[in-house]
Amino acid sequence: MPLLSPLPADHSPELADDFALFVRILGFVPNSLLTMQRVPAMVSGFGTLTRAVMDPNGTVDPGFKRLLAHFCSRAAGCQYCEAHSLIAAELHDVPHDKVLALWEYQTSPLYSEAERVALDYALAAGSVPNAVDEPLMARLRQHWDETQIVEITGAIALYGFLNRWNDSMATEIEAPAQAMGEEALAKGGWTGGKHRPK
């Protein structure tokens, strides 16, 4: 049960453009933003940051940025964001079979070595305490230039905000995200509920 209930999307008409951005990203307005709209400037600010971080004209593939978001969310234990990021990945042209192979990313031929090290980095960066170290950064630099590393870290940090927001608020997961989680994540223990430490 959410700790704060989402408000209707028409509650803040001034946020229509921001909400439209997330419809393009996810196919729906997420409950996280419908809750956050109690402070409209936060939604607008988050929309601006999202546009910059997930810029389709960047040097890192927009779909892959959503896979990075998934892995940092997995490290943080935010089940809401784990599922959302996979919906966004598919809407940004990551093939369904690649999404379903994410549990075997280290060995699957669907993932390149460059992608594997970036996903390792996302897991390390999403962990608390942060587990990024010099050897991991050296591996990352073998495949990605400095601009790309900034874009990769930006995607991870963007979802770090969402991980804290959604787990703290116990944001209720929407039906499309629930379905994605059940198909792609349940075998790893995903339930769609608020993360609880073991």
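On average, how much area does the Cα convex hull of segment 24-106 cover when viewed from any direction, in nm²? Display every interim value, and only then the final one.
Details: hull surface 23.8 nm².
Spelled out: convex hull of the Cα atoms, projected over all directions, averaged, 5.9 nm².
Which value in deg cm²/dmol, rounded to the nearest 500, describes the helix-derived mean residue ellipticity at 222 nm for the chain, given -39,500 (n - 2.57) per DSSP H run of n ≥ 4 and division by the residue count? Provide the component values of the computation, followed by the final result.
Details: 10 runs with 120 residues, N = 198.
Mean residue ellipticity, 222 nm, calculated: -19000 deg cm²/dmol.
Binning all Cα-Cα separations of the chain at 5 Å, short to long from zero, yields these whole-percent fractions: 1, 8, 16, 21, 21, 16, 10, 5, 2, 0. Build a GNM of the chain with springs between Cα atoms under 10 Å apart, and of Ser32, Ser12, Ser44 the one that fluctuates most is Ser12.
Applying the Karplus relation 6.51 cos²θ - 1.76 cosθ + 1.60 with θ = phi - 60° to segment 33-45 yields 3J(HN,Hα) values of 6, 5, 7, 5, 5, 4, 10, x, 4, 5, 5, 4, x Hz, where x marks Gly and Pro. Annotation: cysteines of the chain without a disulfide-compatible partner (Cβ-Cβ under 4.7 angstrom) are Cys72. The distance from the alpha carbon centre of segment 71-139 to that of segment 1-16 is 30 Å, rounded to a whole number.
Computing FRET efficiency as 1/(1 + (r/R0)^6) for Asn57 and Asn130, where r is the C-beta to C-beta distance and R0 is 25 Å, gives about 0.30.
Every number here is computed from the coordinates shown, using simple stated rules; none is lab data. Because the structure is a prediction, the values reported are computed rather than measured. Please note: Cβ atoms are built from the backbone with ideal geometry, for glycine as well, and neighbour counts cover all protein chains shown.
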